[in-house]
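Have a look at the structure below, then the notes.
The values are calculated or read from the model by the stated rules, or taken from the named source; none is laboratory data. Remember, predicted model here, so these are calculated numbers, not experimental data. No Cβ is skipped: glycine too gets one built from the backbone with ideal geometry, and neighbour counts run over all protein chains shown.
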Amino acid sequence: MYDVIIVGGGPAGLTAAIYARRASKEVLVLEAMNCGGQIINTPDIENYPTADHISGVEFATKLQNQVTNLGTEIRYERAVEVRDLGDAKEVVTQTGSYTGKTVILATGSENRKLGVEDEDRLVGRGVSYCATCDGNFYRNKTVAVVGGGNTALEDALYLADLAAKVYLIHRRDTFRGEDTTVRQLSQRDNVEFVYNSNVTKLNAEKRLVSIEVTNKDGSVRDIPVNGLFVAVGRIPENQNFASVVELDASGYAVAAENCRTKTPGVFVAGDNRVKDVRQLVTATADGAVAATEAVKYINTL
Amino acid sequence: MALQEITVANFEQEVLKADKPVLVDFNADWCGPCQMLKPTLHELADASDAYKIVSVNVDDESELAEEYDVFSIPCLVLFKDGKEAGRKVGAQPRPVLEAFLKG
């Protein structure tokens with residue numbers, strides 16, 4: 001039996017691993033994809049104490065090496081359930097099951113999907129969730145961005161410099177994001193705002209060829225595009241753990257600064273926890289707190 | 001060991017005419033998920049002679065990226081007997097890649 005099972009190998013989870021290993025606990029990290037979490041998409045980190053500049057990949061690689069060098073076991077499996085067995089917890093993955101005295105949920109968040117048919121199939125074939133990652137493939141092509149927050153506005157602005165034409169599709173007639181970005185966008189000749197509308201269908205052969213956009217008034221329009229950039233927010237990856245953790249209306253795990261959840265021995269750390277500021281430094285801080293609390297809890301067993 | 005870099009000049013010889021399955025990793029230096037995936041690909045390349053794993057830098061080889069409809073990276077395309085046998089888009093954990101290479 002492990003002392004601490006950490007679900008998620010991002011900055012919060014890996015920092016928790018450092019603290020737990022340094023307290024001589026047996027630690028298992030379960031990571032569904034590759035370690036590093038969301039930070040690996042950030043080219044420049046310039047607000048982390050002592051690091052005036054480091055790339056997200058460099059940060060994640062160093063952190064992962066630090067964790068591995070401390071003798072932490074990392075397994076690449078997706079956790080699908082946590083069962084409370086009292087003094088032990090069972091973490092069920094897609095391929096196995098592990099028991100630990102404590103569990104730290106550091107699963108972070110994932111891109112919210114549009115929820116239209118064929119969306120998953122067309123990822124990498126016209127559908128993208130990251131303009132800075134994939135924008136370059138759409139040089140001089142026609143693209144659409146969906147969303148109304150800062151990410152959508154900034155994505156549209158970024159793409160306006162590359163693509164021949166950018167449609168910005170938003171379900172309301174005003175944006176949640178910054179006015180200054182909206183003004184910058186409205187000055188671009190190649191940006192067209194499509195208000196009060198939702199993307200209701202993706203038309204594709206091998207690749208995306210057009211999107212069906214339905215206006216609130218019921219009118220339907222088919223817009224030919226090469227790419228569709230979805231920027232409709234992120235959702236915390238807590239869905240699988242609702243039996244052991246209380247979730248708020250947006251799906252974030254309810255826990256105070258001590259990272260304790262409603263289930264003794266189950267802790268939550270990082271972006272999937274209820275909090276005001278989601279930054280690299282607050283994620284790593286959570287990892288330290290959750291691991292320290294987990295060690296305290298183990299010592300009471 | 002570093003993966004062999006493939007260009008438009010040697011793609012046919014090294015990938016399409018290879019005598020075993022070839023996994024082509026379409027990637028770029030600025031792509032975070034691509035960089036995090038690399039160590040796993042190196043390990044898999046060293047683990048078996050039954051296949052080979054090569055790298056295509058999409059910035060340098062945009063022609064190849066376009067020809068093979070790569071619009072999001074990392075994109076792993078498996079070639080068998082000169083034909084695409086499957087592809088995986090986005091970061092992938094090692095067990096998934098092992099199964100993909102066996103499949």
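Restricting attention to segment A:133-151, does a residue exist that is part of a strand (DSSP E or B), surrounded by fewer than 24 Cβ atoms within 10 Å (Cβ to Cβ) and at pLDDT below 95? So far as segment A:133-151 goes, no, none of its residues is part of a strand (DSSP E or B), surrounded by fewer than 24 Cβ atoms within 10 Å (Cβ to Cβ) and at pLDDT below 95.
Could you check segment B:51-60 and list, in sequence order, the residues that are within 13 Å of another protein chain (Cβ to nearest Cβ) and either under 11 Å from B:I6 (Cβ atoms) or of a type in the set (D, E) (or both)? Reasoning before the result, please.
Keep residues of segment B:51-60 that are within 13 Å of another protein chain (Cβ to nearest Cβ), which gives B:57-60.
Once the filter is applied, which keeps residues that are within 13 Å of another protein chain (Cβ to nearest Cβ) and either under 11 Å from B:I6 (Cβ atoms) or of a type in the set (D, E) (or both), segment B:51-60 yields B:N57, B:D59, B:D60.
Number of residues in segment B:70-88 that are more than 25 Å from A:Y129 (Cα to Cα) and modelled with pLDDT under 95: the value is 0. Note on segment A:152-179: residues that are in contact (Cβ under 8 Å) with a residue 12 or more places away in the chain and assigned to a helix (DSSP H, G or I) amount to 9.
Would you please name the residue that is surrounded by the most Cβ atoms within 10 Å (Cβ to Cβ), looking only at residues in segment B:61-84 that are touching a Gly at 6+ places or on another chain (Cβ under 8 Å) and more than 8 Å from chain A (Cβ to nearest Cβ)? Going through the qualifying residues, I end up with B:P74.
Taking into account only those residues within segment B:11-45 that are free of Cβ contacts under 8 Å to residues at least 40 places away in the same chain and assigned to a helix (DSSP H, G or I), which is nearest to the chain's Cα centre (by Cα)?
My answer is B:K38.
Those residues that are within 12 Å of the chain's Cα centre (by Cα) and either closer than 19 Å to B:A47 by Cα or more than 8 Å from every other protein chain (Cβ to nearest Cβ) (or both), I need them from segment B:88-99; list them, please. Within segment B:88-99, B:K88, B:L97 qualify. Checking each residue in segment A:80-112 for being in contact with a strand residue (DSSP E or B) (Cβ under 7 Å, 6 or more places away or on another chain) and within 14 Å of another protein chain (Cβ to nearest Cβ) picks out A:T93, A:Q94, A:E110, A:N111. Once segment A:16-39 is narrowed to residues that are within 17 Å of A:N272 (Cβ to Cβ) and β-branched (V, I, T), the residue that is surrounded by the fewest Cβ atoms within 10 Å (Cβ to Cβ) is A:I39.
Okay, residues lined up against (1) outside any helix (DSSP H, G or I); (2) touching a Pro at 6+ places or on another chain (Cβ under 9 Å); (3) hydrophobic (A, V, I, L, M, F, W, C); (4) in the same structural domain as A:A106 (by TED's automatic domain parsing):
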position	(1), (2), (3), (4)
A:S210	yes, yes, no, no
A:T282	no, no, no, yes
A:A291	no, no, yes, yes
A:V295	no, no, yes, yes
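Based on what the data block shows, is B:V8 closer than 26 Å to A:N136 by Cα, in contact with an Asp or Glu (Cβ under 6 Å, 6 or more places away or on another chain), free of Cβ contacts under 8 Å to residues at least 60 places away in the same chain and β-branched (V, I, T)? Yes. Restricting attention to segment A:93-109, the residues being surrounded by 16 or more Cβ atoms within 10 Å (Cβ to Cβ) and either at pLDDT below 95 or assigned to a strand (DSSP E or B) (or both) number 9.
All conditions but one from (1) surrounded by fewer than 17 Cβ atoms within 10 Å (Cβ to Cβ); (2) within 14 Å of chain B (Cβ to nearest Cβ) apply to A:E77; the one that does not is (1).
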